[in-house]
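All remarks here apply to the structure that follows.
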Amino acid sequence: MKVPFVDLKLQHRRIKDEIMHLVEEVIDNTQFVGGQKVSLFEETFSRYCGTRYAVGVNSGTDALRFALLASGLKPGDEVITTPNTFIATTEAISQAGGKIIFVDINESNASIDIELLENEIKNRINNGHPVKAIVPVHLYGFVSDMDAILNIARKYNLIVIEDACQAHGAQYIGNNDSLKNKKAGSMGLAGCFSFYPGKNLGSCGEGGAVTTNDDNLAKTIKMIRDHGQSQKYYHDMEGYNGRLHAIQAGILTIKLKYLDEWNDKRRHHAEFYDRHFANIPEVNVVKDPPWSKGVYHLYIIKVKNRDRLQKWLNEKEIGTGLHYPVPLHLQKAYQHLGYKEGDFPISENHAKQILSLPMFPELTEEQIFYVVTMIKDFIKDNKLS
Ligand SMILES: *Cc1c(COP(=O)(O)O)cnc(C)c1O
């Protein structure tokens with residue numbers, strides 16, 4: 001049996017007719033960039049997320065960068081996130097003029113550690129640092145501890161920009177009544193989404209969106225994505241070319257109808273994996289935390305001898321991934337920040353042990369069972385000790 005890590009063909013087979021019809025429509029009307037298809041998607045997606053606005057942009061990276069720029073970040077302002085994320089999170093911080101500050105993750109949920117976060121902020125502010133923002137990352141599709149993060153932000157007067165690029169439709173279900181059932185991307189000042197093809201909601205190219213309830217932020221981001229224009233050829237500021245394409249927006253509006261169903265299937269697959277791994281002490285599952293109804297963009301296990309297990313699964317034609325193999329503070333791109341091995345030990349240990357297993361809505365129980373069986377075989381041969 002072959003089990004790919006993701007299979008986008010199956011998703012598109014089912015909705016191909018709808019998509020082809022949309023593509024034809026846009027080719028006939030030639031409104032290729034922005035326009036009515038984009039506004040319609042923005043309305044639909046903001047309603048889905050429970051925010052007043054969604055502003056379509058060209059990628060998740062644009063969404064993060066534009067949200068930070070529009071929030072009034074000044075050069076040198078400090079922005080806090082974790083080293084356990086995709087580099088787009090920190091690229092956006094630097095490219096918006098901010099200074100990246102890392103705080104380690106909590107081992108149990110792989111998201112920013114609340115105690116370390118508050119300590120770091122307190123120390124920095126006491127030493128006169130210009131701490132401005134926190135960028136929590138809802139990694140793997142799990143909602144970060146937003147109740148605690150928003151409390152800290154209020155206490156120290158910081159803004160919160162959510163990286164929801166892996167968390168379309170994930171919900172906060174913790175004890176805070178005012179956050180109850182809120183969607184990822186609707187709790188901070190802004191939420192940033194990617195519609196890269198492999199995401200839970202993916203376009204057939206590139207795409208992104210910023211969600212917010214803030215009138216000014218939405219207005220500014222609309223200007224930034226379009227060369228700072230307030231009207232055609234009248235530029236209030238320098239901006240970017242970061243607009244969403246009409247065909248992608250149309251495709252996203254079609255796919256959004258299926259997102260809840262796809263997310264339910266992902267959660268169902270995760271439960272199936274969980275049940276099997278519950279009896280295997282050598283396999284630790286990175287679990288959706290209690291305050292989160294996550295959307296399992298990825299399904300992650302932690303094991304010793306990860307590299308050997310990955311190779312073994314590869315030989316059995318099972319696709320796997322590493323999200324992510326090198327924490328950001330140890331990347332060559334960030335040498336100049338002067339971090340070294342040992343600075344964020346939990347992220348470093350996490351990176352050495354994680355393995356992402358096949359996860360996509362169309363996965364079958366038979367396939368999951370095969371993956372689990374192959375992992376059991378590997379363990380039986382004592383290869384994990
Ligand atoms: C995908 C992703 C991004 C970037 O999105 P793009 O659309 O590829 O620019 C940012 N942050 C996280 C956590 C992501 O997974």
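We did not get these values from a lab; they are worked out from the coordinates using the rules stated. Owing to the predicted nature of the structure, the values given are computational and were not obtained by experimental measurement. Cβ: placed from backbone, ideal geometry, glycine included. Neighbour counts: every protein chain shown.
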Fewest-first sequence of VAL326, VAL143, VAL3 by Cβ atoms within 10 Å of each Cβ:
VAL326, VAL3, VAL143
Testing the spin-label approximation: label points 7 Å from Cα along Cα→Cβ at THR364 and ASN176. State their distance in nm.
4.4
Proximal lysines relative to LYS352, as straight alpha-carbon distance under 17 Å, when same-chain residues fewer than 8 apart are discounted
LYS302, LYS304, LYS311, LYS340, LYS383
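Which order do the peptides 151-158, 169-176 take when ranked by the mean count of other beta-carbon atoms within 10 Å per residue, highest first? Provide the component values of the computation, followed by the final result.
Values: 151-158: 14.5, 169-176: 19.5.
Answer by packing, highest mean first, reads 169-176, 151-158.
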What percent antiparallel are the DSSP beta bridges of the chain, to the nearest 5?
65
Let me spell out the model: positive unit charges on the Cβ of Lys and Arg, negative unit charges on the Cβ of Asp and Glu, origin at the Cα centre of region 172-223. What dipole size does that give, in debye rounded to 20?
80
Take GLU271 and ASN29, extend 7 Å from each Cα along the Cα→Cβ direction, and tell me the distance between the two endpoints in nm.
4.0
Calculated [θ] (222 nm, deg cm²/dmol) that DSSP helices of n ≥ 4 give over the chain, each run adding -39,500 (n - 2.57)
-13000 deg cm²/dmol
If each K or R counts +1 and each D or E counts -1, the residues other than ILE15 whose Cβ falls under 11 Å of its Cβ total +3
Using Cβ counts within 10 Å as a stand-in for footprinting exposure, how do LYS132, LYS257 rank, fewest first?
LYS257, LYS132
Rg/Rh for the chain: what does it come to with C-alpha atoms and Rh from Kirkwood?
0.97
Which order do the peptides 357-365, 259-267, 50-58, 121-129 take when ranked by the mean count of other beta-carbon atoms within 10 Å per residue, highest first?
50-58, 357-365, 259-267, 121-129
Report the semi-axes of the equivalent ellipsoid for region 21-152 in whole Å, largest first, where each axis is √(5λ) for an eigenvalue λ of the Cα gyration tensor.
34, 17, 13
Cα-Cα longer than 24 Å, checked against LYS74/LYS222; LYS222/LYS332; LYS155/LYS332; LYS199/LYS380; LYS2/LYS257; LYS74/LYS155, kept in input order, equals LYS222/LYS332; LYS155/LYS332; LYS199/LYS380; LYS2/LYS257
So for GLU162, GLU120, GLU115, GLU25, fewest C-beta neighbours within 10 Å to most, what's the order?
GLU115, GLU25, GLU120, GLU162
Which one of PHE45, PHE86, THR220 has its Cα pushed farthest toward the positive end of the charge dipole of region 8-256, where Lys and Arg give +1 and Asp and Glu give -1 at the Cβ?
PHE45
Which value, in debye to the nearest 20, gives the size of the charge dipole of region 269-385 about its Cα centre, when Lys and Arg are +1 and Asp and Glu are -1 at the Cβ?
360
For the chain, size of Cβ-based charge dipole, Lys and Arg +1, Asp and Glu -1, in debye:
160
